[in-house]
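The values are calculated or read from the model by the stated rules, or taken from the named source; none is laboratory data. All figures in this text were calculated on a predicted structure; none of them were measured in a lab. Note that each Cβ is placed from the backbone with ideal geometry, even for glycine, and that neighbours are counted across all protein chains shown.
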Amino acid sequence: MDPITKTYPQLTPYQFASNTPIQAIDLDGMEAIYYCTSLLMDSKFGKAKDLVVSTASGINSWIAIWGTENKKIKQDVYIATSINESIFGEDDGTGDANAFTLTFDMRQVVDGRLTFSFEDKGKSIRIALPEKGILNELAKIDFSQSEGKSGNVSVVVLNKTVLDRMSTLDYSKTVFHEIQTHIVANLNFTAFDPKRPDGNTDHEVFLGEKGEFTPLKPKAGTPSDIYNKQAESSNFNPDKPSKTPTRNNNETSKKKTPSVPKKTKG
């Protein structure tokens, strides 16, 4: 039964995701979680997301951000895709060319768009602009659901051109990496907190030393490595080896005919 049924008298207490199971999910029986339309229509992302949340590590990351029960940290996260490969930079072996994640202060959201200056206690705060290509991608995203809130807003931009060529398993490793390493790990920090770890520190903790390890091949024992093993064995992994034994056509099983003792004249 819906634990917050009194808040939504128009809905039956036995409903799921506000009666919209196709366009929303409900991780903890609280409010529904909606995805943007473009990603709902993207079957490749959908399969990768399903694989992420089918694992213990993945569902914990998802709930840390989008779960609503007893939630104390205010953080909005948007996931978008781009076909503009040039904004991701060169792939130096770290997997950075597959995606990037940026975090902002929600006060930067004005009229549904990100701005790079805002007022803080009467002082004008100006933020350094991202490079032009990234700025153009951010301008396409409607952040209106974060307007007027306090806290952080993060955006994950996935390199659709590269990721669509990957297996579902490798795509999910990239999604988990961006969510866990660059967002969940920093939920207790404000967007401009000087104590907030940088990307290199995040990589060392969750992945291994940046430049040596990647989301696809992390250091053994790191959170990324633990997730990868969970995803590889998940029933949602379409690349999971089948347990059905295969018969070798070159070999035939021979049944031994029991020997019958010869009769002797007595």
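What do you reckon, is Phe192 farther than 26 Å from Phe236 by Cβ and either of a type outside the set (S, T, N, Q) or free of Cβ contacts under 8 Å to residues at least 12 places away in the same chain (or both)? Against the criterion (farther than 26 Å from Phe236 by Cβ and either of a type outside the set (S, T, N, Q) or free of Cβ contacts under 8 Å to residues at least 12 places away in the same chain (or both)), Phe192 qualifies.
If you go through segment 133-159 and keep only what is closer than 29 Å to Leu207 by Cα and touching a helix residue (DSSP H, G or I) at 6+ places or on another chain (Cβ under 8 Å), you end up with Gly133, Ile134, Glu137, Gly151, Asn152, Val153, Ser154, Val155, Val156, Val157, Leu158, Asn159. Which of (1) without any contact (Cβ under 8 Å) to a residue 12 or more places away in the chain; (2) within 23 Å of Phe189 (Cβ to Cβ); (3) not in a strand (DSSP E or B) does Arg107 not meet, given it meets every other one? Among (1) without any contact (Cβ under 8 Å) to a residue 12 or more places away in the chain; (2) within 23 Å of Phe189 (Cβ to Cβ); (3) not in a strand (DSSP E or B), the lone unmet condition for Arg107 is (1). A search for C-beta distances below 7 Å between a residue of segment 206-223 that is touching a residue at least 60 places away in the same chain (Cβ under 8 Å) and any residue that is of a type in the set (Ser, Thr, Tyr), counting only pairs 6+ apart in sequence or on different chains, returns Lys210/Thr94; Gly211/Thr94; Thr214/Thr94; Pro215/Thr174; Pro215/Ser224; Pro223/Ser57. I'm checking my understanding of the structure. Among residues of segment 152-194 that are assigned to a helix (DSSP H, G or I) and polar (S, T, N, Q), which one is surrounded by the fewest Cβ atoms within 10 Å (Cβ to Cβ)? Looking at the filtered set, the residue picked out is Thr161.
Of the helices (runs of 4 or more DSSP H) lying entirely inside segment 13-89, those carrying at least 2 residues that are modelled with pLDDT of 85 or more are 43-53, 56-66.
Scanning segment 195-205 for residues that are buried (at least 19 other Cβ atoms within 10 Å of the Cβ) and either touching a residue at least 24 places away in the same chain (Cβ under 8 Å) or not in a helix (DSSP H, G or I) (or both) yields one hit, His203.
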